[in-house]
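First comes the structure, then the notes that go with it.
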Amino acid sequence: MTQLRPLASSDATGVALAPDSGLARAVEGPFRILIATDAWRPQINGVVRTLEGLADEAPRHGTQITFLTPEGHRSIPMPSYPEIRLSLAGPGAIARRIEEARPNAIHIATEGPIGFWVRRYCMQRKIPFTTCYHTRYPEYLAARLPVPLWASYGWLRRFHNAAAATMVATSALEAELAAQGFNRLVQWKRGVAVEDFSRGRQGTLRLPRPIFLCVARVAVEKNIDAFLELDLPGTKVVVGDGPARADLEARFPQAVFLGVKAGRDLADVYASSDVLVFPSRTDTYGLVLLEALAAGVPVAAYPVTGPREVLANSECGVLADNLQFAALAALAIPRDACKAFAARHTLADSTRSFIQNVRTALVQAAA
């Protein structure tokens, strides 16, 4: 098996590693990061959109991002969630993909089969790697199956504590995971393509107003029924798809389900809405919050980790246990204030934060 050339003690990336690190040396050209992820197209969710945004922005920061994904491997549908495919790639195929990429750094974005085999590859060769805690899988599993939280958190703790650093989106999530015994936690500032979402066209939704919008994967853990049960004027609109959609459409025939939207179409939907209602109680962040704010749309949400961190001191949203009150109160928030706040959370800032976390972790691993 071909061994990746080690990164020298000093090189074009400015990262110092031990000679036996197993990572490719960057003599010239961009800093190369390989991201291993089980979440990938055709899925449309916060993880996939975050990774796609990173790859688009990274070249502007002297970095090239490539992905090791389920593409090109046989896969099976995830039980209870067939839209998500689980890769059947084995360790040999994963090793070849890594060595073909010749990365200067390896980041594991998810804890599925791809993430597991890449973690194993790195640990066997003493290659430092970083991870990210994107999703509250213990809570998601508990919503579907009789799996105790302590068991899920124990497995995830072992998975992530092997990393040189584990990235989290907020200080509140950092504190929660630290209390669960997670180590080497670092914050990764999140951001969106503000300009793209700020250019949406208003008036594309010809529906009774006000328009209350929910953008989410349509699944039980997103708590969308709490939004649809609210007594609100105007129209409730849901953007997204997932295993719970058919049931929700049957139960709430007055709501408008638009399916998956992306790019300019999604920006237009945001711009044409009056309030984004975010009913999830389990998201680690909620990228759609920033997307909506970039379009000038205020937010209504529960006062939980994610919305509480994103909207702290912003005056661009209303957080309340009474989600109906929050949705109605948010109508009074000026759209310009939302856009001004979102402008401070750009994709460029997020990409810089990610790259710096990766480089710092490599330096610390070599110390």
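The values are calculated or read from the model by the stated rules, or taken from the named source; none is laboratory data. Worth saying up front: this structure is predicted, and the values here are computed from it rather than measured. Counting neighbours? That spans all protein chains shown, and the Cβs are built from the backbone with ideal geometry, glycine included.
Tell me whether region 319-328 contains one or more residues that are surrounded by fewer than 18 Cβ atoms within 10 Å (Cβ to Cβ) and of a type in the set (Phe, Trp, Tyr). Yes, the conditions are met somewhere in region 319-328.
Out of (1) at pLDDT below 95; (2) at negative phi, what's the single condition that is false for Val215? With respect to (1) at pLDDT below 95; (2) at negative phi, Val215 is out only on (1).
Every listed requirement among (1) of a type outside the set (A, V, I, L, M); (2) farther than 21 Å from Ala332 by Cα; (3) assigned to a loop (DSSP other than H, G, I, E, B); (4) touching a helix residue (DSSP H, G or I) at 6+ places or on another chain (Cβ under 7 Å) is met by Asp231 save one, (2). Applying the condition of being touching a residue at least 40 places away in the same chain (Cβ under 8 Å) and part of a helix (DSSP H, G or I) to region 289-306 and asking which residue is surrounded by the most Cβ atoms within 10 Å (Cβ to Cβ) yields Leu293. Just one of the listed residues (Thr110, Thr50, Thr66) is surrounded by 15 or more Cβ atoms within 10 Å (Cβ to Cβ) and part of a loop (DSSP other than H, G, I, E, B), namely Thr110.
Which of the residues spanning region 332-367 are in a loop (DSSP other than H, G, I, E, B), surrounded by fewer than 16 Cβ atoms within 10 Å (Cβ to Cβ) and not small (Gly, Ala, Ser)? Those that are in a loop (DSSP other than H, G, I, E, B), surrounded by fewer than 16 Cβ atoms within 10 Å (Cβ to Cβ) and not small (Gly, Ala, Ser): Pro334, Arg344. When Glu309 is tested against (1) in contact with a Ser or Thr (Cβ under 8 Å, 6 or more places away or on another chain); (2) among the charged types (D, E, K, R); (3) buried (at least 24 other Cβ atoms within 10 Å of the Cβ), just one condition goes unmet, and that condition is (3).
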